[in-house]
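The values are calculated or read from the model by the stated rules, or taken from the named source; none is laboratory data. Model, not experiment: these values are computed from the prediction. When we count neighbours, we look across all protein chains shown, and the Cβ atoms used for this are built from the backbone with ideal geometry, even at glycine. Note: areas computed on protein heavy atoms with side chains; ligands, DNA, RNA excluded. Shrake-Rupley method; radii C 1.70, N 1.55, O 1.52, S 1.80 Å.
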Amino acid sequence: SKREGVQVLITSHNLFHFLELVDEVLWLKEKPQYFSKKRSFVDDLNKCENQKSTLYISKKAMHSKSLDEWDLEGESLLLPKEFLVGQTEGFIQLKSNEVSISKNFIEGISIRNQLKVGVLEVETRANNTVLLKLALGRQVLLAEISRDALEEIEIRPNQAVYALFKANIELFYA
């Protein structure tokens, strides 16, 4: 039961479990940030972690002996079986530099996850890279690619592309 006016400090490595317990969040990373709504926390978490994308997923089915199929805004996402064991939903974080971009779906490739996304924004960075903000339903996926790749494959805002990442990349999950 909840009591008004009682502050509780919760620490957890399981962000999804944590979000089920609270109405408000104070995020302590480099500087404190306060969020009054859980849903806005996930959106704002992407601002705090500007090199990672935090995405909500739900389990669909078993895919193979080593992979499970998860739903990410209507797209199928394949992740290792040991990911979120016993859970039917949760959050993942993907590093922007582990997401590749293609203008087309690629057949015969070992990369298991190819998600159709829309380019929202192209942000030029100082280190000869660009950060792409990609729409995946109501969620945003970040991808960091070189300026040369951006020019070579002619990526522009409001364009549909495919975001590719391996099923066995280092996933940060809750």
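Structure above, values below:
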{"item": "Answer residue from segment 97-116, given it is assigned to a strand (DSSP E or B) and aliphatic (A, V, I, L, M) and is most open to solvent (accessible area, probe 1.4 Å) among those", "result": "Ile101"}
{"item": "Hits in segment 117-145 (condition: open to solvent by 60 Å² or more (accessible area, probe 1.4 Å) and hydrophobic (A, V, I, L, M, F, W, C))", "result": "Leu120, Ala126"}
{"item": "Test result for Gly74, at pLDDT 85 or above and exposed (fewer than 12 other Cβ atoms within 10 Å of the Cβ)", "result": "yes"}
{"item": "Pair list, Cβ under 7 Å, 6 or more apart: segment 139-162 residue in a loop (DSSP other than H, G, I, E, B), other residue basic (Lys, Arg) and open to solvent by 30 Å² or more (accessible area, probe 1.4 Å)", "result": "Ile153/Lys103"}
{"item": "Conditions (1) open to solvent by 40 Å² or more (accessible area, probe 1.4 Å); (2) at pLDDT 85 or above; number of the one not met by Asp43", "result": "(2)"}
{"item": "Count of segment 84-96 residues which are open to solvent by 30 Å² or more (accessible area, probe 1.4 Å), touching a residue at least 60 places away in the same chain (Cβ under 8 Å) and not in a strand (DSSP E or B)", "result": "1"}
